[in-house]
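For reference, the structure discussed in these notes is given below.
The values are calculated or read from the model by the stated rules, or taken from the named source; none is laboratory data. Note that the structure is a prediction, hence the values are computed from the model and not measured. Quick reminder, even Gly has a Cβ in these numbers, built from the backbone with ideal geometry, and neighbours come from all protein chains shown. All accessible areas refer to the heavy atoms of the entire protein, side chains included, with ligands and DNA or RNA removed. Shrake-Rupley method; radii C 1.70, N 1.55, O 1.52, S 1.80 Å.
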Amino acid sequence: QAQVQESGGGLVQAGGSLRLSCAAPRSIFSIDRMAWYRQTPGKQRESVATITSGGSAWYASSVKGRFTISRDNGLNKVYLQMNSLKPGDTAVYYCNKFPPGAYESWGQGTQVTVSP
């Protein structure tokens, strides 16, 4: 089964920026809503931003005003522009459809590490 592929993570100082990219197979991307999620050790995966095929976005309160989600429907890609990063944003970031199924297949994610 084809999976999403996330990229763009890295190590950045607090206040810095990163842009994450996600390439999704058409079978997943055709779902109306796509999302970026993040997970830290010992915690459940949480959604941080979602976007519909028409471009309507939702953000978790913890990232609102700092993160921007976008998508390119022609390329089956979703992006997450992250500005004013904080150490609390450190996590592995994933993209997938929203909401994910109970047995949804996930990519490897991309590590984002924000140093103080």
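Can you tell me which residue within the range 1-29, out of those that are in a loop (DSSP other than H, G, I, E, B) and open to solvent by 70 Å² or more (accessible area, probe 1.4 Å), is farthest from residue 86 (Cα to Cα)?
Of everything passing the filter in the range 1-29, 1 is farthest from residue 86 (Cα to Cα).
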**Message:** Checking the condition at pLDDT 95 or above and on the phi > 0 side of the Ramachandran plot, which residue from 8, 16 passes?
**Reply:** 8
**Request:** For residue 66, indicate whether it is open to solvent by 50 Å² or more (accessible area, probe 1.4 Å) and among the basic types (Lys, Arg).
**Result:** no
**Request:** Of all residues in the range 72-93, count the ones that are under 17 Å from residue 7 (Cβ atoms), open to solvent by 40 Å² or more (accessible area, probe 1.4 Å) and without any contact (Cβ under 8 Å) to a residue 60 or more places away in the chain.
**Result:** 3
**Request:** Identify the residue in the range 94-116 that is surrounded by 15 or more Cβ atoms within 10 Å (Cβ to Cβ) and in contact with a Lys or Arg (Cβ under 8 Å, 6 or more places away or on another chain) and, among all such residues, is farthest from residue 44 (Cα to Cα).
**Result:** 114
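Can you tell me which residue in the range 30-52 is modelled with the lowest pLDDT, limited to those that are in a loop (DSSP other than H, G, I, E, B) and either open to solvent by less than 60 Å² (accessible area, probe 1.4 Å) or of a type in the set (A, V, I, L, M) (or both)?
In the first step, residues of the range 30-52 are kept if they are in a loop (DSSP other than H, G, I, E, B); the result is 30-33, 40-45, 52.
Those still in the list that are either open to solvent by less than 60 Å² (accessible area, probe 1.4 Å) or of a type in the set (A, V, I, L, M) (or both) too: 31, 40, 52.
Numbers: 31: 76, 40: 96, 52: 94.
Filtering first and then ranking leaves 31.
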